Amino acid sequence: MPSVAVVLIARNQAWNIARLVASVLRDASELPGTEIVLVDSASADATAEVAAAHPIGVLRLRADQPLTPAAGRYVGHHATTADLVLFLDGDMELAPGWLSAALAAFEQQPDVATVTGHVVDLPIDRLGAGPAVAGNGAQPAARDIPYSAGAAMHRRAVLDDVGTFNPYLHSDEEPELCIRIRHAGHRIVELDATMAYHYSAPAAALATLIARWRRGLYLGAGEAIRHNLNSGVLPLYVRERGYGLAPGAVLLAGAASALRALSGRGSRPLRGWLAITAGVLAADALSKRDARATAHSLLERLLILDGTVRGFLRSPHDVARYPARFDVVAANGYAPPLATQDAGAGAGTA
């Protein structure tokens, strides 16, 4: 049976971290030798201290370097050595029974590089609302998908081959990695079973959109495009993840037609653009039967466009030169491999 590592990434999630760790320990106890490491992104709360009370390794990334969710994944990948690496976010809870089902999927399908499952979004006030028992024990069906989200298990050999997470991406790091995995000829599958419970604010709420924008979580697509400009995966990434490009093209067309009208060369293109744009928005509102939903969708697309443009304009960085500076908050029998401490300019310290 392949060895397993579990990497938990967190920032200011002391409110849930004990629940997450307990859910991992519950299933990992059946797999002797499992590496469990929490990578904390310089939390201002007691996330690392709460985690350190459990029999796992806890690393705290230093604040004097770029910190993103992808950075925690990058360091966690290098800070473990097992054949398979499961990544979970700090606001999640691992569902009972999923880990064993994922291991079976890897053993039965050698061409599979990544296994994920259903992630159930729940309000924060429903902490612990997941079922207390596993399913009926039957191996769930698997279907091929283009990419996973934050909760997924990967073959280390594949990550070592195609390159692990890009620690400089502010978002979209999972799809960007999965596109590289598929481009190399590997498969990504989703098990028809609940993998994790995700406790968070409603994704559709206006406040959630604004909060994501303020935290720079729409920059990732543009950053990924800029990083992969000379890569063979660029056409695939743009085709599948270039959400910000379509509204950008629409706005450019509107700006061009407006400039044409202002220069006295005729307003017909501008009037046509306004009519088409209004028609599309009206049709969307009718299909949704909710003008507010259309306005929400339009705002989200504009925020994605803003993030894509600003992300593209950011200078790309060499992934191999990420500093990876951290402190070992708790060892509990765990010691980061030497490769991790040599991975960047800053070595981890105890």
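Just one of the listed residues (Glu240, Glu190) is at pLDDT 85 or above, charged (D, E, K, R) and assigned to a strand (DSSP E or B), and it is Glu190. Among residues of segment 189-203 that are assigned by TED's automatic domain parsing to the domain that holds Ile9, those with a beta-carbon under 8 Å from a residue that is aromatic (Phe, Trp, Tyr) and surrounded by 14 or more Cβ atoms within 10 Å (Cβ to Cβ) at least six positions away or on a different chain give the pairs Leu191/Trp98; Ala193/Trp98; Thr194/Trp98; Met195/Trp98; Ala196/Trp98. Screening Leu31 with (1) within 21 Å of Gly333 (Cβ to Cβ); (2) within 18 Å of the chain's Cα centre (by Cα) gives one miss only, at (2). Do we find that Asp125 is surrounded by fewer than 23 Cβ atoms within 10 Å (Cβ to Cβ), at pLDDT 95 or above and over 16 Å from the mean Cα position of the chain (by Cα) in this structure? Here the answer is no, as Asp125 does not meet what is asked. Kindly indicate whether Glu93 is charged (D, E, K, R) and under 21 Å from Glu223 (Cα atoms). Considered against the rule, which asks whether it is charged (D, E, K, R) and under 21 Å from Glu223 (Cα atoms), Glu93 comes out as no.
Per-residue answers, yes or no, for (1) at pLDDT 95 or above; (2) among the small types (Gly, Ala, Ser):
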{"site": "Ser43", "(1), (2)": "yes, yes"}
{"site": "Thr47", "(1), (2)": "yes, no"}
{"site": "Val58", "(1), (2)": "yes, no"}
{"site": "Leu94", "(1), (2)": "yes, no"}
{"site": "Phe106", "(1), (2)": "yes, no"}
{"site": "Val112", "(1), (2)": "yes, no"}
{"site": "Gly117", "(1), (2)": "yes, yes"}
{"site": "Pro131", "(1), (2)": "no, no"}
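Exactly one residue among Asp45, Asp91, Asp64 is farther than 23 Å from Gly333 by Cβ, in the same structural domain as Arg156 (by TED's automatic domain parsing) and in contact with a His (Cβ under 8 Å, 6 or more places away or on another chain), and that residue is Asp91.
Taking Asp27 as the residue in question, decide whether it is surrounded by fewer than 23 Cβ atoms within 10 Å (Cβ to Cβ) and in a helix (DSSP H, G or I).
Values: surrounded by fewer than 23 Cβ atoms within 10 Å (Cβ to Cβ): yes; in a helix (DSSP H, G or I): yes.
For Asp27, the condition - surrounded by fewer than 23 Cβ atoms within 10 Å (Cβ to Cβ) and in a helix (DSSP H, G or I) - is met.
For segment 16-35, a residue qualifies if it is within 16 Å of Met92 (Cα to Cα), in contact (Cβ under 8 Å) with a residue 60 or more places away in the chain and not small (Gly, Ala, Ser), and the qualifying residues are Asn16, Ile17, Arg19, Leu20, Val24, Arg26, Asp27.
Set side by side, the residues Leu259, Leu313 differ, and just one is more than 30 Å from Ala71 (Cα to Cα), out of contact with any Phe, Trp or Tyr (no Cβ under 6 Å at 6 or more places or on another chain), at pLDDT 85 or above and loosely packed, with under 15 Cβ neighbours inside 10 Å, which is Leu259.
Matching residues to (1) buried (at least 21 other Cβ atoms within 10 Å of the Cβ); (2) touching a residue at least 24 places away in the same chain (Cβ under 8 Å); (3) within 19 Å of Phe106 (Cα to Cα):
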position	(1), (2), (3)
Ser3	no, yes, yes
Arg11	no, yes, no
Ala14	no, yes, no
Leu38	yes, yes, no
Asp45	no, yes, no
Ala48	yes, yes, no
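For Ala221, indicate whether it is touching a residue at least 24 places away in the same chain (Cβ under 8 Å), in the same structural domain as Gly150 (by TED's automatic domain parsing) and among the hydrophobic types (A, V, I, L, M, F, W, C). Walk me through how you get there before you give the answer.
Values: touching a residue at least 24 places away in the same chain (Cβ under 8 Å): yes; in the same structural domain as Gly150 (by TED's automatic domain parsing): no; among the hydrophobic types (A, V, I, L, M, F, W, C): yes.
Answer is no for this residue.
The residue that is surrounded by the fewest Cβ atoms within 10 Å (Cβ to Cβ), among those in segment 193-230 that are charged (D, E, K, R) and part of a helix (DSSP H, G or I), is Arg214.
Remark: Tyr334 falls outside the filter, which requires a residue to be modelled with pLDDT of 80 or more, surrounded by 17 or more Cβ atoms within 10 Å (Cβ to Cβ) and out of contact with any Leu (no Cβ under 8 Å at 6 or more places or on another chain). Checked against the criterion of being in contact (Cβ under 8 Å) with a residue 60 or more places away in the chain and within 30 Å of Leu88 (Cα to Cα), the candidates Gly244, Gly232, Gly248 yield just one match: Gly244. All of (1) in contact with a helix residue (DSSP H, G or I) (Cβ under 6 Å, 6 or more places away or on another chain); (2) in the same structural domain as Arg19 (by TED's automatic domain parsing); (3) among the aromatic types (Phe, Trp, Tyr) hold for Trp213 with one exception: (2).
Test Asp83 against the stated conditions and say whether it is in contact (Cβ under 8 Å) with a residue 12 or more places away in the chain and within 23 Å of Ser171 (Cβ to Cβ). Outline the logic, then answer.
Working: in contact (Cβ under 8 Å) with a residue 12 or more places away in the chain: yes; within 23 Å of Ser171 (Cβ to Cβ): no.
In short, no.
For segment 243-256, how many residues are in a helix (DSSP H, G or I) and buried (at least 16 other Cβ atoms within 10 Å of the Cβ)? Walk me through it before giving the result.
Keep residues of segment 243-256 that are in a helix (DSSP H, G or I), which gives 245-256.
If we keep only those that are buried (at least 16 other Cβ atoms within 10 Å of the Cβ) as well, we get 245, 247-248, 250, 253-254.
Count: 6.
The values are calculated or read from the model by the stated rules, or taken from the named source; none is laboratory data. These numbers were taken from a predicted model, which means no experiment stands behind them. Neighbour counts run over all protein chains shown; Cβ positions are idealised from the backbone, glycine included.
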